């Protein structure tokens, strides 16, 4: 007989999970592996009590099975910040009491070319923090829960000076924009970056871009975001994508664009904004292909690139960069029992700019 | 009163021009400008037929002006040089490709990227700075600023050299720019026509393993025995395509027809690059998730700058990269265009201008 989620593994755990494609979350008792389990890797494990967890749009997509590969029940959450409570015998870089983070993956093969080059996010056999089959056959459950046990290689040191709650979204949103900005060379001071979409990813991209010394234009379909974008987030200008005259006037003015938009949209107008040799990097995850005009790519030697989150080494580098430049996300802190309302608001982009669950203060007993 | 092409300039010229979007070419008398102080004038010996010529004579891109003398793979022998010309002398073997001028002052021109200058002048069907129309290489003579003329090295037969001036640079430039020129890489070439076959030759010369991806199974033997490709994938064969997933470092896609990108993106290894050098008229569908999961890119490239075009020709001479051609007389040109439309050519027609385009013929 199959073991129930509560008894499958040695340690009792508690979180909120969705059981079907309605995506409604509710309290859920399950279990996690023990650091002490008779398994070689147990010696490499870090157990952390979860303090905060960011609500990523991917969580919403997974809850509703938008991508077609959700297995229920699922506990989402991959922007985890917590405090170390136990460490395995091989763990040297962390000690009990340390503030740490866990992002999008909790395991990878460690042997492929990508893993060996610190590009674990491109490993062909990644284990994601939630909704992924783990190597022992169980499924991973994420950070909307009281604690998690993670191999030390996938645990990040959290900078001292960063607020724990506002820092949580860096673990997915942060690295997701930082990594392509570095890889595609979008960090040259004085160059002009367009940020398409002003949500969780977009607003962090602005902050990084300003720290790199870039000129930033936000490209958005919502004119009412302009004031925020410029006065509070520090963008240099704002382009309403539904205004054809303004879009035309801005053609050929940007060196790079980070496209964070998840809805299906045409790349024709965005490619037009790029200068010759310009680069458009897409980090949003639309569920259908996008319309890509080839002529502007050919005539302008432009490129469209993808990027997923980032390897662990780079995630740590990004966190340290944020510590140095005092960058954290703009968040709305909520308790766990508010999560379903938050998800509805998120689906309407009604948040500036990330919900973060105050996990530690949401669960009455741990 | 508009100046007539025959008398606009001092030097008489004979060419073949299309008069209307039927695209049919026929003899056309016009004139070329006086050889200016920086100009190189040459007798045209050969001119390659590029697929762009076919698009232009039929006004498929919407900006053709008639009469249109096509031809931008032009090779000949220098007959006169201007007083300030430094690189060429009478008797030199030279070529002209897709451009005859650019603004010469912008950032791109300064960086030897004249092909990306917003004001570059096409070899045919465009306007010179003096307002006159440019006429291409289906003609008995040409004159161009020495900056836009390349030397054809000894060791390259002139007829086979002609297609390098467009097809050659069009595939050489992205192989270099996107770092697909390192030995040991695995490069895919989609489409086996004028561009595709030269891409295979350059990629092999760079030391790559080459896979041709094509819809035509009957091209396999050619590709492998004749062109030196290492393997051949039939793009409509799902099993073959599936078996080759994640094996290519880069792909040069020469296909101009609308076609799906998803299977090509799937062939790429992670961090792989799909470079488009054909330009389908309609947008294609780009699946985002495979791009993101593999940090792959889709890019485009258009011909190349003059410095790189010379480098490409010198490389071709040194490494024996010669396009496969069918030499034709000028009066065969309309038939050649019909065959080109059906891709019935291995792999470039080259017009023997020197021997067959004569006055009163």
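If the requirement is being over 22 Å from the mean Cα position of the chain (by Cα), surrounded by 22 or more Cβ atoms within 10 Å (Cβ to Cβ) and modelled with pLDDT of 95 or more, which of these qualifies: B:81, B:90?
On the way: B:90 fails: surrounded by 22 or more Cβ atoms within 10 Å (Cβ to Cβ).
When all the criteria are applied, what remains is B:81.
Just one of (1) more than 19 Å from residue A:42 (Cβ to Cβ); (2) in a loop (DSSP other than H, G, I, E, B) fails for residue A:135. It is (1). When residue B:205 is tested against (1) modelled with pLDDT of 95 or more; (2) over 21 Å from residue B:162 (Cα atoms); (3) surrounded by fewer than 22 Cβ atoms within 10 Å (Cβ to Cβ), exactly one condition is not met: (2). Of all positions in segment A:248-258, at least one carries a residue that is within 24 Å of residue A:209 (Cα to Cα), more than 12 Å from every other protein chain (Cβ to nearest Cβ) and within 20 Å of the chain's Cα centre (by Cα). Would you be able to say whether some residue in segment B:324-346 is modelled with pLDDT of 95 or more, surrounded by fewer than 22 Cβ atoms within 10 Å (Cβ to Cβ), under 19 Å from the mean Cα position of the chain (by Cα) and within 14 Å of chain A (Cβ to nearest Cβ)? No: zero hits. Could you tell me whether residue A:278 is within 13 Å of another protein chain (Cβ to nearest Cβ) and at pLDDT 95 or above? So residue A:278 passes the test.
Can you tell me which residue in segment A:247-275 is modelled with the lowest pLDDT, limited to those that are crowded, with 21+ Cβ neighbours inside 10 Å and in a loop (DSSP other than H, G, I, E, B)?
Within segment A:247-275, the first condition is being crowded, with 21+ Cβ neighbours inside 10 Å, and the residues that meet it are A:254, A:256-262, A:267, A:270-271, A:273-274.
Within this subset, residues satisfying the condition of being in a loop (DSSP other than H, G, I, E, B) are A:260-262, A:267.
Numbers: A:260: 95, A:261: 92, A:262: 85, A:267: 93.
Per the criteria, the residue is A:262.
Set side by side, the residues A:191, A:215 differ, and just one is surrounded by fewer than 22 Cβ atoms within 10 Å (Cβ to Cβ), closer than 21 Å to residue A:328 by Cα and at pLDDT 95 or above, which is A:215.
So which residues in segment B:243-260 are touching a residue at least 12 places away in the same chain (Cβ under 8 Å) and surrounded by fewer than 21 Cβ atoms within 10 Å (Cβ to Cβ)? Correct list: B:244, B:245, B:246, B:247, B:249, B:256, B:257, B:258, B:259, B:260. When residue B:271 is tested against the conditions (1) at the interface with chain A (Cβ under 9 Å from one of its Cβ atoms); (2) in contact with a strand residue (DSSP E or B) (Cβ under 9 Å, 6 or more places away or on another chain); (3) buried (at least 19 other Cβ atoms within 10 Å of the Cβ), the lone failure is (3). Number of residues in segment B:288-309 that are surrounded by fewer than 19 Cβ atoms within 10 Å (Cβ to Cβ) and facing chain A (nearest Cβ under 7 Å): the value is 2.
Where strands (runs of 3 or more DSSP E) fall entirely within segment B:236-307, those with at least 3 residues that are more than 14 Å from residue B:178 (Cβ to Cβ) are at B:284-286.
Please tell me if residue B:22 is loosely packed, with under 14 Cβ neighbours inside 10 Å, modelled with pLDDT of 95 or more and part of a strand (DSSP E or B). No.
Here residue A:91 does not qualify as in a strand (DSSP E or B) and either modelled with pLDDT of 95 or more or in contact with a strand residue (DSSP E or B) (Cβ under 8 Å, 6 or more places away or on another chain) (or both).
The set of residues in segment B:160-169 that are buried (at least 22 other Cβ atoms within 10 Å of the Cβ) and more than 13 Å from residue B:311 (Cα to Cα) comprises B:161, B:162, B:163, B:166, B:167. The residues of segment B:274-287 that are within 9 Å of another protein chain (Cβ to nearest Cβ) and modelled with pLDDT of 95 or more, listed by number, are B:275, B:276, B:277.
For segment A:316-334, which residues satisfy the criterion of being surrounded by fewer than 21 Cβ atoms within 10 Å (Cβ to Cβ) and either within 14 Å of another protein chain (Cβ to nearest Cβ) or part of a loop (DSSP other than H, G, I, E, B) (or both)?
Taking segment A:316-334 as the starting set, the residues that turn out to be surrounded by fewer than 21 Cβ atoms within 10 Å (Cβ to Cβ) are A:316-317, A:320-321, A:323-326, A:330, A:332-334.
Across segment A:316-334, the qualifying residues are A:326, A:330.
The residues on offer are B:324, B:314, and the sole one that is out of contact with any helix residue (DSSP H, G or I) (no Cβ under 7 Å at 6 or more places or on another chain) and in contact (Cβ under 8 Å) with a residue 60 or more places away in the chain is B:314. Scanning segment A:95-114 for residues that are more than 17 Å from residue A:323 (Cβ to Cβ) and assigned to a loop (DSSP other than H, G, I, E, B) yields a count of 9.
If only one of A:313, A:288 is closer than 30 Å to residue B:252 by Cβ, touching a residue at least 12 places away in the same chain (Cβ under 8 Å) and either assigned to a loop (DSSP other than H, G, I, E, B) or more than 8 Å from every other protein chain (Cβ to nearest Cβ) (or both), which one is it? Walk me through how you get there before you give the answer.
Numbers: A:313 fails: closer than 30 Å to residue B:252 by Cβ.
Every option except A:288 fails the conditions.
Residue A:295 meets the conditions (1) more than 7 Å from chain B (Cβ to nearest Cβ); (2) not in a loop (DSSP other than H, G, I, E, B) in every case but one. The failed one is (1).
Tell me which residues, restricted to segment A:177-205, are in a helix (DSSP H, G or I) and under 23 Å from residue A:122 (Cα atoms).
From segment A:177-205, those in a helix (DSSP H, G or I) are A:177-183, A:200-205; that's our starting set.
A:177, A:178, A:179, A:180, A:181, A:182, A:183, A:200, A:201, A:202, A:204, A:205, listed by residue number.
Please verify whether residue B:46 is over 24 Å from residue B:303 (Cα atoms) and surrounded by 24 or more Cβ atoms within 10 Å (Cβ to Cβ), treating the condition exactly as stated. In short, no.
Among the residues of segment A:162-176, count how many are in a helix (DSSP H, G or I), surrounded by 24 or more Cβ atoms within 10 Å (Cβ to Cβ) and touching a strand residue (DSSP E or B) at 6+ places or on another chain (Cβ under 8 Å). Before the answer, list the steps.
Step one: of segment A:162-176, the residues in a helix (DSSP H, G or I) are A:164-171, A:173-176.
Next, only the ones that are surrounded by 24 or more Cβ atoms within 10 Å (Cβ to Cβ) stay: A:167-171, A:173-176.
Now restrict to residues that are touching a strand residue (DSSP E or B) at 6+ places or on another chain (Cβ under 8 Å): A:167-171, A:173.
Adding up the residues that qualify gives 6.
Considering each residue of segment A:224-242 in turn, at least one proves to be outside any helix (DSSP H, G or I), over 29 Å from residue B:297 (Cα atoms) and either touching a strand residue (DSSP E or B) at 6+ places or on another chain (Cβ under 9 Å) or in contact (Cβ under 8 Å) with a residue 12 or more places away in the chain (or both). Test of understanding: among A:306, A:310, which residue is in contact with a strand residue (DSSP E or B) (Cβ under 6 Å, 6 or more places away or on another chain) and either crowded, with 22+ Cβ neighbours inside 10 Å or modelled with pLDDT under 95 (or both)? Only one candidate passes the filter, namely A:306. Among the numbered conditions (1) out of contact with any helix residue (DSSP H, G or I) (no Cβ under 8 Å at 6 or more places or on another chain); (2) within 29 Å of residue A:160 (Cα to Cα); (3) surrounded by 15 or more Cβ atoms within 10 Å (Cβ to Cβ), the only one that residue A:61 does not meet is (2).
The values are calculated or read from the model by the stated rules, or taken from the named source; none is laboratory data. Here the structure is a predicted model, which is why all the values come from computation and not from measurement. Note that we place each Cβ from the backbone using ideal geometry, even for glycine, and neighbour counts take in every protein chain shown.
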